[in-house]
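Worksheet: one structure, shown below.
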Amino acid sequence: MLKKRLRNLVNSLVYYVRERYIDKPLYNPTYIKLEMNPSPNMFKTQGRDIKLIVLHATGSNSLRSTVDWFKDPKSKVSAHYVIGKDGTVIQMVPLSYIAWHAGKSTWEGKNECNGFSVGIELVNINDGVQEYPREQVNACLSISLALSMYYGLGVNNIVGHKDISTSRKSDPNGFGMEEFKRCLTFYKEKQEAC
């Protein structure tokens, strides 16, 4: 009898710890305020087939300076979304257009990832030390969840810039990609069950 009660107690504790600490995602999707601020640096195309979401770090500490840079035609760079440290989201390129975020890149044998990807820039100096604040990651999770559901993308279709431009890029350096994907999987399964 004591052995059974002890086993039940242990099982209850394991269940409590798993529910409270292990199985709960670190990040949560959140409502986002989306501001439009178009960049001239893009291509219009017919029937884009989105297969990939590419996460970047801006290399800058400022949302405003990143937006200004992406709006400058001389920069020849842009992204679909830029997310500030406070979770502010600015859409700079419509999803039906090609943003200039990936440069020379390859994913699963396909070159020029700009043509089939969505670029999300996270304001971060990309030194591997500066943290990505929870508000910023939650906003990125919200966008990634919506995009992955809409385009039917799995978590392996979400990569860092360094994964598609291995010899040239290191971003998003210090971003917890595995935890991010675990959280995305958790919420994607919840959405699909509804």
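Matching residues to (1) over 16 Å from S165 (Cα atoms); (2) at pLDDT 95 or above; (3) surrounded by fewer than 19 Cβ atoms within 10 Å (Cβ to Cβ):
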position	(1), (2), (3)
P40	yes, yes, yes
T45	yes, no, yes
A57	no, yes, no
T66	yes, yes, no
S75	yes, yes, yes
Would segment 165-188 turn up any residue that is farther than 20 Å from S39 by Cα, polar (S, T, N, Q), at pLDDT 95 or above and not in a loop (DSSP other than H, G, I, E, B)?
no
Can you give me the number of residues within segment 170-185 that are free of Cβ contacts under 8 Å to residues at least 60 places away in the same chain and surrounded by 19 or more Cβ atoms within 10 Å (Cβ to Cβ)?
1
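Listed residues K162, K188; which is without any contact (Cβ under 8 Å) to a residue 60 or more places away in the chain, charged (D, E, K, R) and crowded, with 20+ Cβ neighbours inside 10 Å?
On inspection, the qualifying residue turns out to be K162.
Which members of segment 102-114 meet the condition of being surrounded by fewer than 17 Cβ atoms within 10 Å (Cβ to Cβ) and over 18 Å from F70 (Cβ atoms)?
K104, T106, E108, G109, K110, N111, E112
For segment 80-101, which residues satisfy the criterion of being among the hydrophobic types (A, V, I, L, M, F, W, C), over 16 Å from Q136 (Cα atoms) and open to solvent by less than 40 Å² (accessible area, probe 1.4 Å)? Please lay out each step first, then the result.
At the first step, the residues of segment 80-101 found to be among the hydrophobic types (A, V, I, L, M, F, W, C) are 82-83, 89-90, 92-93, 95, 98-100.
This time we only want the ones that are over 16 Å from Q136 (Cα atoms), so: 92-93, 95, 98-100.
Hits for segment 80-101 are M92, V93, I98, A99.
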Listed by first then second residue, the pairs whose first member lies in segment 124-139 and is over 21 Å from Q91 (Cβ atoms), whose partner is aliphatic (A, V, I, L, M) and surrounded by 14 or more Cβ atoms within 10 Å (Cβ to Cβ), with beta carbons under 8 Å and at least 6 positions apart or on separate chains, are I125/A57; N126/A57
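I'd like to know if segment 151-162 contains one or more residues that are part of a helix (DSSP H, G or I) and either among the acidic types (D, E) or within 24 Å of K33 (Cβ to Cβ) (or both).
The answer is yes, given that some residue of segment 151-162 is part of a helix (DSSP H, G or I) and either among the acidic types (D, E) or within 24 Å of K33 (Cβ to Cβ) (or both).
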Could you please find all residues in segment 100-117 being assigned to a loop (DSSP other than H, G, I, E, B) and hydroxyl-bearing (S, T, Y)?
S105
Of the residues that sit in segment 118-140 and are assigned to a helix (DSSP H, G or I) and touching a Ser or Thr at 6+ places or on another chain (Cβ under 8 Å), which one is surrounded by the most Cβ atoms within 10 Å (Cβ to Cβ)?
A139
Between a first residue in segment 78-95 that is farther than 11 Å from V118 by Cβ and a second residue that is outside any loop (DSSP other than H, G, I, E, B) and of a type in the set (K, R), which pairs have beta carbons less than 8 Å apart while being 6 or more apart in sequence or on different chains?
M92/K71
Identify, from the list L147, L122, L153, the residue that is more than 15 Å from G87 (Cα to Cα) and modelled with pLDDT of 95 or more.
L153
Determine, yes or no, whether A146 is loosely packed, with under 15 Cβ neighbours inside 10 Å and in a helix (DSSP H, G or I).
yes
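The values are calculated or read from the model by the stated rules, or taken from the named source; none is laboratory data. Because the structure is predicted, anything quoted here is derived from the model rather than measured. Note that we place each Cβ from the backbone using ideal geometry, even for glycine, and neighbour counts take in every protein chain shown. Remember, those area values only see protein heavy atoms, side chains included, never the ligands or the DNA or RNA. Shrake-Rupley method; radii C 1.70, N 1.55, O 1.52, S 1.80 Å.
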